[in-house]
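The values are calculated or read from the model by the stated rules, or taken from the named source; none is laboratory data. Everything numeric here is computed off the predicted structure, so don't read it as measured data. Backbone-built Cβ (ideal geometry, glycine too); neighbour counts: all protein chains shown. Heads up: the accessible areas ignore ligands, DNA and RNA and are worked out on the full protein's heavy atoms, side chains in. Shrake-Rupley method; radii C 1.70, N 1.55, O 1.52, S 1.80 Å.
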Amino acid sequence: MYEGIVQSLIDELGRLPGVGPKGAQRIAFHLLATDATDVRRLASVLVEVTERVRFCRICGNVAEEEECRICRDPRRDASVICVVEEPKDIAAIEKIREFRGRYHVLGGAISPIDGIGPDDLRTRELMVRLSDGAVTEVILATNPNLEGEATATYLARLLKPLGLRVTRPASGLPVGGDLEYADEVTLGRAFEGRRLLDV
Amino acid sequence: MAGPAVRDNDTVSLYRDDGIVLRTQKLGEADRIVTILTRRNGRVRAVGKGVRRTKSRFGARLEPFTHVDLLLYTGRSLDVITQAETVRAYGGPLAVDYPRYTSGTAMLETAERFTPVEKEPIIRQFLLLVGGLRALGERVHDPRLVLDAYLLRTLAVAGYAPALDECAVCGTPDPVNTTGSRSFAVPAGGLTCRSCRPPGAASPAVATIALMRSLLRGDWAQADISQARHQVECSGLVAAYVQWHLEHSIRSLRHVEHV
């Protein structure tokens, strides 16, 4: 529809997740109207990311070196591993500034309907990490949806013979919400996991 | 003087139906495309807006295995879910039991495959799936038996029931007892007599054939006391039979874990 290179830019932008043809066109024309220095900086970052970023050989998190920042940090507690589905889940947990252990990224969740079984995830790598006996607790922080629950169940069964403490983050009501709007599944989980108020 | 223009609302088509959530796919930032097998409208694909956000009012209700009562409006390509109430959540007990979860997933995928046309009412498939999920959640029978019973009956509902009481080719009644044949030919459509046996047909044990009959008829007393080796043989034959007649593989079957 547009002159060669502009159309190529729109086509490439349109391949990004969540960007449709109209959005791609809008971003392309924004880039054309933006200062050339800013565009060059964006382009160089994109190139640098593809060249420098890789996955941590220990936990599977995104890293700029062979091991990620968390795995290299000696102050992190090596006896606790938090298992997550994706590297972006690590960023979410790091925001709470409570967890001082290390992570393990599975690379997804078990979803037989999509053809993803336990062997398609980084479960073998997890078992290798646990084999030296240094880890005492594994937190299964997969998503609180059906696939995440099933993945946690599968892993818990796999870890049981190792005699580790296997835990799962609590599920329940979102802070700031009204009880009357909570769905029965979430509310049921909140009641299951209720705690004693020791005042 | 003409009053303010009032927009015609007749084109907005709202409808209510209940159904089982078969599958969900991520859409955009926080939405999901939800595939539902409904009671009155057959298989429906609809968008659940914002359901991936933790504060979503009905995100948890639109998880696979949930029987939901829905209010939807007809969109241009996909319908949009405006309200959802849980009728029964079958997913909870299944997610904590891995063999049951994998069997249940195979049931959902099969239900989706057997309803290729969207919005074509197919109430028998819907009722069969509800019954199957209920049986799976009640933990009375082995999940492998529940799955095989579901697959055999869904085939029967779709008109592809395997011939177990007569030769699938010539119609000779009871080929096992009358001709001593134990030939089960998937492409032929079930048991065959000796003279109709095609090359490459399986030769299951007589007890395996009896188990298939029990599962198709719902004779759980007999099915529950069957031996594990006959259950394994039955599962293999049923899986091959379903996939042959569907002309499509069911990916979940590869991941079904047996107790």
(request) Sort through B:Ala161, B:Ala228 and tell me the only one that's at pLDDT 90 or above, among the hydrophobic types (A, V, I, L, M, F, W, C) and surrounded by 14 or more Cβ atoms within 10 Å (Cβ to Cβ). (result) B:Ala161
(request) Within the range B:48-68, work out how many residues are open to solvent by 20 Å² or more (accessible area, probe 1.4 Å) and more than 16 Å from B:Leu133 (Cβ to Cβ). (result) 8
(message) I'd like the full set of residues that are open to solvent by less than 80 Å² (accessible area, probe 1.4 Å), farther than 21 Å from B:Arg153 by Cα and not hydrophobic (A, V, I, L, M, F, W, C), limited to the range B:74-117.
(response) B:Thr74, B:Gly75, B:Asp79, B:Thr82, B:Thr86, B:Gly91, B:Gly92, B:Pro93, B:Asp97, B:Tyr98
(message) So B:Ser181 passes all but one of these: (1) open to solvent by less than 10 Å² (accessible area, probe 1.4 Å); (2) closer than 24 Å to B:Ser252 by Cα; (3) part of a loop (DSSP other than H, G, I, E, B). Which condition number does it fail?
(response) (2)
(request) Search the range A:136-154 for residues being among the small types (Gly, Ala, Ser) and in a helix (DSSP H, G or I), and hand back the single one that is nearest to the other protein chains (Cβ to nearest Cβ). (result) A:Ala150
(request) Those residues that are outside any loop (DSSP other than H, G, I, E, B), within 14 Å of chain B (Cβ to nearest Cβ) and open to solvent by 50 Å² or more (accessible area, probe 1.4 Å), I need them from the range A:78-121; list them, please. (result) A:Lys88, A:Ala92, A:Asp114, A:Ile116, A:Asp119, A:Asp120
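Given A:Ser131, A:Ser171, which one is open to solvent by 30 Å² or more (accessible area, probe 1.4 Å), of a type in the set (S, T, N, Q) and either without any contact (Cβ under 8 Å) to a residue 12 or more places away in the chain or away from chain B (no Cβ under 13 Å) (or both)?
Numbers: A:Ser171 fails: either without any contact (Cβ under 8 Å) to a residue 12 or more places away in the chain or away from chain B (no Cβ under 13 Å) (or both).
A:Ser131 is the lone residue from the list that is open to solvent by 30 Å² or more (accessible area, probe 1.4 Å), of a type in the set (S, T, N, Q) and either without any contact (Cβ under 8 Å) to a residue 12 or more places away in the chain or away from chain B (no Cβ under 13 Å) (or both).
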(message) Whether any residue in the range B:68-84 is within 11 Å of chain A (Cβ to nearest Cβ) and either closer than 22 Å to B:Ala228 by Cβ or touching a strand residue (DSSP E or B) at 6+ places or on another chain (Cβ under 9 Å) (or both) is what I want to check.
(response) yes
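Do we find that B:Gln125 is in contact with a Phe, Trp or Tyr (Cβ under 9 Å, 6 or more places away or on another chain), within 13 Å of chain A (Cβ to nearest Cβ) and either surrounded by fewer than 24 Cβ atoms within 10 Å (Cβ to Cβ) or in a loop (DSSP other than H, G, I, E, B) (or both) in this structure?
Numbers: in contact with a Phe, Trp or Tyr (Cβ under 9 Å, 6 or more places away or on another chain): yes; within 13 Å of chain A (Cβ to nearest Cβ): no; either surrounded by fewer than 24 Cβ atoms within 10 Å (Cβ to Cβ) or in a loop (DSSP other than H, G, I, E, B) (or both): yes.
Judged against the criteria, B:Gln125 is not a match.
On the given criteria, is B:Pro173 open to solvent by 10 Å² or more (accessible area, probe 1.4 Å) and either at pLDDT 95 or above or touching a Gly at 6+ places or on another chain (Cβ under 9 Å) (or both)? Show your work before the answer.
Details: open to solvent by 10 Å² or more (accessible area, probe 1.4 Å): yes; either at pLDDT 95 or above or touching a Gly at 6+ places or on another chain (Cβ under 9 Å) (or both): no.
Here the answer is no, as B:Pro173 does not meet what is asked.
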(message) Give me the residue from the range A:17-57 that is open to solvent by less than 50 Å² (accessible area, probe 1.4 Å) and touching a helix residue (DSSP H, G or I) at 6+ places or on another chain (Cβ under 8 Å) and, out of that set, nearest to A:Glu3 (Cα to Cα).
(response) A:Ala28
